[in-house]
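Have a look at the structure below before the remarks.
The values are calculated or read from the model by the stated rules, or taken from the named source; none is laboratory data. These numbers come from a predicted model, not from an experiment. Backbone-built Cβ (ideal geometry, glycine too); neighbour counts: all protein chains shown.
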Amino acid sequence: MVIVFVFGLAFVPPQFYQSVVNIGLEEQSIAGRFVTQIASVTNEIRHRNKWGISVRENEINAWLGNDLPRNHPELLGNALWGRLSRPRIKLEPHLFRIGIEVSRWGVTAVAWADIEVRLKSANQFALTVQRAGVGQLPLPRNAILQECRKMLENSGMDTDIQQYRDRILLLATIPERLANSSSPGTESRQPRRWQVESLRIDHGSVTVVGTSHMKKTSRTFSEAMSSS
């Protein structure tokens, strides 16, 4: 009886996931707003010294519910625990609450994690898993942190795990190869280097602000001689 009760807890999704799982499913315009904002900030990074973006929770979830499964299904696929679907997010101060359905052998449960994210320095983020679980059953936080590390490394980020007092931190750094941008069709224009300088996660929204500058390039020998 106890085993059945404990097993059943795994299929009770967390309340935060239930509150956001259906947001934006039928409002593709909200998902489009998220895509438009990403395109706009990409343009700012290429042309302006200062850039910023602020997106709301419902816009992210609309994109996750509409565009992601339709246009980028390869980003879901299968994981160690099973087939992934319906990822959703809830934003609270300094916190990403992430939930995703995991299906295996015809059974579906919600795996979730509360991940604190802070900007440690320019282009470097410190992640801490506060809690994690499947349904109402807890999962080891260190295992979730290792999974986060794999996902970030697959996306091109540099990572490092460190012990800080009684916590384990995952440091994720945007490498220089990803922090360089150039404008298409403008070969004569110098490439720019961008960096994140501010990250703010509030109830229902996340704001990122940064700078972008022309990269300094060394002159060739012939250029140096002609100017001397």
Taking segment 153-182 and the residues there that are assigned to a strand (DSSP E or B) and of a type in the set (S, T, N, Q), the one that is farthest from the chain's Cα centre (by Cα) would be Gln163
Among (1) crowded, with 20+ Cβ neighbours inside 10 Å; (2) in a helix (DSSP H, G or I), Arg149 falls short only on (1)
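Give segment 135-144 a look and list any residue that's in contact (Cβ under 8 Å) with a residue 12 or more places away in the chain, over 17 Å from Leu171 (Cβ atoms) and out of contact with any Leu (no Cβ under 9 Å at 6 or more places or on another chain), or say none.
Once the filter is applied, which keeps residues that are in contact (Cβ under 8 Å) with a residue 12 or more places away in the chain, over 17 Å from Leu171 (Cβ atoms) and out of contact with any Leu (no Cβ under 9 Å at 6 or more places or on another chain), segment 135-144 yields only Leu139.
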For segment 99-125, pairs from a residue that is crowded, with 20+ Cβ neighbours inside 10 Å to a residue that is outside any strand (DSSP E or B) and among the β-branched types (Val, Ile, Thr), with Cβ under 6 Å and 6 or more apart or across chains, are Ala113/Ile144; Asn123/Ile174
Listed by range, helices (runs of 4 or more DSSP H) wholly within segment 20-111 having at least 2 residues that are modelled with pLDDT of 90 or more are 28-47, 57-65
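Results for (1) within 30 Å of Gly82 (Cβ to Cβ); (2) modelled with pLDDT of 95 or more; (3) touching a His at 6+ places or on another chain (Cβ under 7 Å), shown as yes or no for each residue.
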position: Pro140; (1), (2), (3): yes, no, no
position: Gln146; (1), (2), (3): yes, no, no
position: Arg149; (1), (2), (3): yes, no, no
position: Ser155; (1), (2), (3): yes, no, no
position: Pro184; (1), (2), (3): no, no, no
position: Thr207; (1), (2), (3): no, yes, no
Going through (1) within 24 Å of Ile168 (Cα to Cα); (2) at pLDDT 90 or above; (3) not in a strand (DSSP E or B); (4) not small (Gly, Ala, Ser) one by one, Ile115 fails only at (3)
Subset of segment 124-152, residues more than 15 Å from the chain's Cα centre (by Cα) and of a type in the set (A, V, I, L, M, F, W, C), comes to Ala132, Val134, Leu137, Leu139, Ala143
